[in-house]
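Working notes for the structure below.
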Amino acid sequence: MMTDSFTQLTLPPKASSCSILFAFSQTDREMFLPGRNLEEEFGAKARWIDTSKIDKDEWEHLLYEASPEILVTAWDTPALSESFALESNLALRYVCHMCGGVRTRVPRNLLARGVLVSNWGTAISHTIAEQAILLTLGALRNLPLWGSFMQLPATRIFQLRTQSLRGRRVGLHGFGGIAREIVEMLKPFRVDISAYSAGVPRELFEHHGVRPCESLEELFSHNNVLIECEALTPVTRGSVTGPLLDLLPQDAVFVNVGRGAVVDEQALIRCAAQGRIRIAVDVYAQEPPALDSGLFRIPNALLSPHIAGPTSDTLPLCGEFAMSNLHKFLQGESVDGVVTLEAYDRSP
């Protein structure tokens, strides 16, 4: 029965007028809210439902039956339908998503009619920045080829053409929270950092000790390490073209922890296959990439399965971020990590 899959909880006095539906699986609950005693925080008008135990029809029925003002969601939460989003008597005021992307679960119409939506915001910017550093170092040291060199004499190791990060010229395409985390992590390597992102004030770059470039052409031609971390917008989609990649110096490193659609992937494959540049990629034009993708035929390509996001040990931080937002909303305060219509439209 559907009613066997939810738990009644207890709301604090100040939140007693708000109905809350926690809708995610037991697995999500253990990952994001381990040891969290929701019963002490929420309740008389709040429910947790294990979404792994209900089908699509039951989900729709539950939403209409519960008519929550607040919906707390995670990876295993089913999508909200367009019909629900367009419901004339919709009670929903806030969707508190404990994860990143909301587009596959929340219809645009919900945001357009004023429903507040938040996600994990910048809570995991540091893990993506760490992955960018890992991929950069791995590409410089030609990590994908290590296995083939294990049995070779030490005198042959120089053929790996390993390189050091220290003292290099590093360019950042994009200058949001992730890029600024990367800047901080790069400082011990004593690199020269420059960046380009249309619309970012020159003062912000300089505040972080970064030299602003006037164009993408200047950014790509000047640096021998290029880290792609730009947001996806109608303007940035496909902005990293073949001619732009050709401006990178010979044997430069190109890392992408941003969005696959920002880059012309076929041009990237061509440049890497020719041996002009080394590539280390965490995001792709199609995810996962097709098995016959040319990416898999580049011996020294460092391919990461889109894991730059939260590590297993940081998932509870995302849960804490969401619960903090929930309490802020219940107290009438502004929440963090708000997903605007602009951000929604540029998400994949």
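None of the figures in this text is laboratory data; all of them are computed from the coordinates on show. Keep in mind it's a predicted model, so treat the numbers as computed, not measured. Here Cβ is always computed from backbone atoms with ideal geometry, including for glycine, and neighbour counts include all displayed protein chains.
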Determine the relative contact order of the chain: mean sequence separation of Cα pairs under 8 Å and six or more apart, normalised by residue count, in whole percent.
-> 18 percent
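For n ≥ 4 DSSP H runs only, could you compute -39500 (n - 2.57) per run for the chain, divide by its residues and tell me the 222 nm figure to the nearest 500? Don't jump to the answer; show the numbers that get you there.
Details: 13 runs with 105 residues, N = 348.
One gets -8000 deg cm²/dmol as the mean residue ellipticity at 222 nm.
Rank these for me by crowding, F158, F149, F321, going from fewest to most other beta carbons within 10 Å. Show your work: numbers first, answer last.
Details: F158 8, F149 14, F321 23.
So the residues, fewest neighbours to most, are F158, F149, F321.
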Can you give me the relative contact order of the stretch 125-303 as a percent, contacts being Cα pairs under 8 Å and 6 or more apart?
-> 23 percent
In degrees, nearest 10, range 0 to 90: what is the angle between the Cα axis of helix 56-66 and the longest Cα principal axis of the chain?
-> 50 degrees
Filtered hits (aspartates and glutamates, Cα-Cα < 19 Å from K328, offset >= 8 within chain) -> E39, E40, E41, E69, E320, D336
Of L244, L326, L152, which is the most mobile in a GNM of the chain whose springs link Cα atoms less than 10 angstrom apart?
-> L152
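Please report E218, E65 as a ranked list, fewest other C-beta atoms within 10 angstrom at the top and most at the bottom.
Numbers: E218 15, E65 11.
Least crowded to most crowded, the residues run E65, E218.
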Who wins for biggest fluctuation among L160, L248, L33 in a Gaussian network model of the chain, springs between alpha carbons below 10 Å?
-> L160
Counting only the backbone N, which residues of the stretch 185-208 are under 19 Å from the spot 7 Å out from the Cα of T311 toward its beta-carbon?
-> 185-189
Which length gain, in nm to one decimal place, applies between D55 and R211 when the Cα-Cα distance is subtracted from 0.36 nm times their residue separation?
-> 50.9 nm
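Compute, for the chain, the length of the dipole vector about the Cα centre, with Cβ point charges of +1 (Lys, Arg) and -1 (Asp, Glu) only. Units Debye, rounded to 20.
Numbers: 31 positive and 40 negative charges, 249 e Å.
Dipole of the chain, to the nearest 20 debye: 1200 debye.
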Name the residue, out of F189, F220, F175, whose mean-square fluctuation peaks in a Gaussian network model built on the chain with Cα pairs under 10 Å.
-> F189
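Most exposed first by the Cβ proxy, i.e. fewest other Cβ within 10 Å, how do W48, W75 rank?
Details: W48 23, W75 18.
Lowest to highest Cβ neighbour count: W75, W48.
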